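The values are calculated or read from the model by the stated rules, or taken from the named source; none is laboratory data. Owing to the predicted nature of the structure, the values given are computational and were not obtained by experimental measurement. A quick note on method: Cβ atoms are made from the backbone with ideal geometry, for glycine too, and the neighbour counts reach across all protein chains shown. For the accessible areas, the whole protein counts, side chains as well, though only heavy atoms, and no ligand, DNA or RNA atoms are used. Shrake-Rupley method; radii C 1.70, N 1.55, O 1.52, S 1.80 Å.
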Amino acid sequence: MKKLTSPLLMATLLLGSQAVLAAEPIVIKFSHVVAADTPKGRAAEYFKKLAEERTKGRVKIQVYANSQLYKDKEELEALQMGSVQMLAPITSKFGPMGLKEFELFDVPYLFHTEDEVHKVTRGPVGKTLLQKLETRGMKGLAFWDNGFRVFSANKPLKVPADMKGLKIRINSSKINQSIIQAAGGLPQTMALSEVYQAMQTGVVDGGDGNLSNLYTQKQYEVQKYVVNTKHSYSGYAVVVNKGFWDKLPADVRGILEGAIQEATVYNDTMAEKDTADAIAKMRASGKTQVYEPTAAEKALWVKALEPVQNEVAARIGIATLNAAKQAMAK
């Protein structure tokens, strides 16, 4: 049988192959280090749902939770290299990259409520901070809440003196390191995925983190005491590889930005609810005592951590600190 090699047939085959190629979805790998049932984990899935529905299959979001792909210390490098396209790392991680202004969120007792935080993150200060990420090959899309930080240990921590000599796990933040030192503890930088075993085996005596992760990472099972100091804010910045983002069709970028904004509202609502739920569930477990400091005890924590605020002003710049305070005052 004679082969059909007419120009018309070849053109038809070419158009067909182009149609198949055009139908290939844009894949976005969204990696994070916390459990899927945390506010961030659920918000990532909510963003996936909105993005895939609204792009009608043109975009496919692959969410990898709980350090499935990369640990704390690895994920930002993976994003910059293009191995993943999206992350939502804790803001503390940007300080070691040279973006010290992000350490604003670690300042002890600067923020007291989520509303104060939102006046900063959702206003001009937050916008300026996100823009600074572009110098590191990232596009900042939003800030996500994760409650406030507390201390945990296997002994009661009612006042700063109780922390003296204890090895306390922190993330990679110079400010959090100073906080532990100011309270008399010994800071130990460690990836979140390694904390449970470190607490269980006594490599560290306690931790500095938020209530949601304390519960979902099951750290409460190996920590007998939690003191609800709420000494600093804990939140994330949703970022995407800038080179990848810039190459996306303009309409797709618009859809993704809208989906992120809705996922942000969803995350922040869940974060507030999960904090209360985590306290109730840890208390109900009988494994951990969650202690609320008295006014006098809280004053001792504030006083002990006051020197850290002066250090922060020098690190992040007094202009950034003042801008945040002015935003909160409005």
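Convert each backbone phi in region 321-329 into a coupling constant with the Karplus relation 6.51 cos²θ - 1.76 cosθ + 1.60 (shift: θ = phi - 60°), then list the ³J(HN,Hα) values in order as whole Hz, x for Gly and Pro.
Coupling constants for region 321-329: 5, 5, 4, 5, 5, 5, 5, 5, 6 Hz.
In the full protein assembly as shown, how much of D251 is accessible to a 1.4 Å probe, in Å² to the nearest 10?
80 Å²
With a 1.4 Å probe and all protein chains left in place, how much accessible area per residue does the chain have, in Å²?
46 Å²
Return the long-range amide H neighbours of V33 (sequence gap of 5 or more, or a different chain), with a cut-off of under 5 Å between placed amide H atoms.
HN-HN under 5 Å from V33: N66, S67.
Just the C-alpha atoms of region 93-201: what Rg/Rh do they give, with Rh taken as the Kirkwood radius? Don't skip to the answer; put the middle values down first.
Numbers: Rg = 15.8 Å, Rh = 15.7 Å.
Checking Rg against Rh, the ratio lands at 1.01.
Mean separation of Cα pairs under 8 Å and 6+ residues apart, divided by the residue count of region 48-176: what relative contact order is that in percent?
Taking the mean separation of contacting Cα pairs over the length of region 48-176, I get 21 percent.
Two decimals is fine: what's Rg over Rh for the chain, C-alpha atoms, Kirkwood radius as Rh?
Rounded to two decimals, Rg over Rh is 1.07.
Hey, what's the Cα Rg ratio for region 160-233 versus the globular rule of thumb, 2.2 N^0.38 Å?
Ratio of Rg to 2.2 N^0.38 Å for region 160-233: 0.99.
Can you spot the lysines whose alpha carbon is less than 25 Å from K48's alpha carbon? Ignore those fewer than 8 places along the same chain.
K29, K40, K56, K60, K71, K73, K93, K127, K139, K242, K247, K273
Would you mind telling me the antiparallel percentage of the DSSP bridges in the chain, rounded to 5?
Within the chain, antiparallel bridges account for around 55 percent of the total.
Quick query: amide H of T189 versus all other amide H atoms, modeled in the peptide plane; which residues come in under 5 Å with a sequence gap of 5 or more or a different chain?
Close amide H contacts, sequence-distant or interchain: I170.
If R₀ is 35 angstrom, what is the calculated FRET efficiency for the pair R122 and Q289, using the beta carbon separation as r and rounding to 0.05? Could the numbers behind the result be given before it?
Numbers: r = 36 Å, r/R0 = 1.01.
My answer for the efficiency is 0.50.
For region 251-260, what does the Karplus curve 6.51 cos²θ - 1.76 cosθ + 1.60, with θ = phi - 60°, yield as ³J(HN,Hα) per residue in whole Hz, taken in order and with x for Gly and Pro?
Working through the residues one at a time gives 5, 5, 4, x, 5, 5, 5, x, 5, 5 Hz.
Taking all protein chains in place and a 1.4 Å probe, what share, in percent, of the accessible surface of the chain do carbon and sulfur account for?
55 percent
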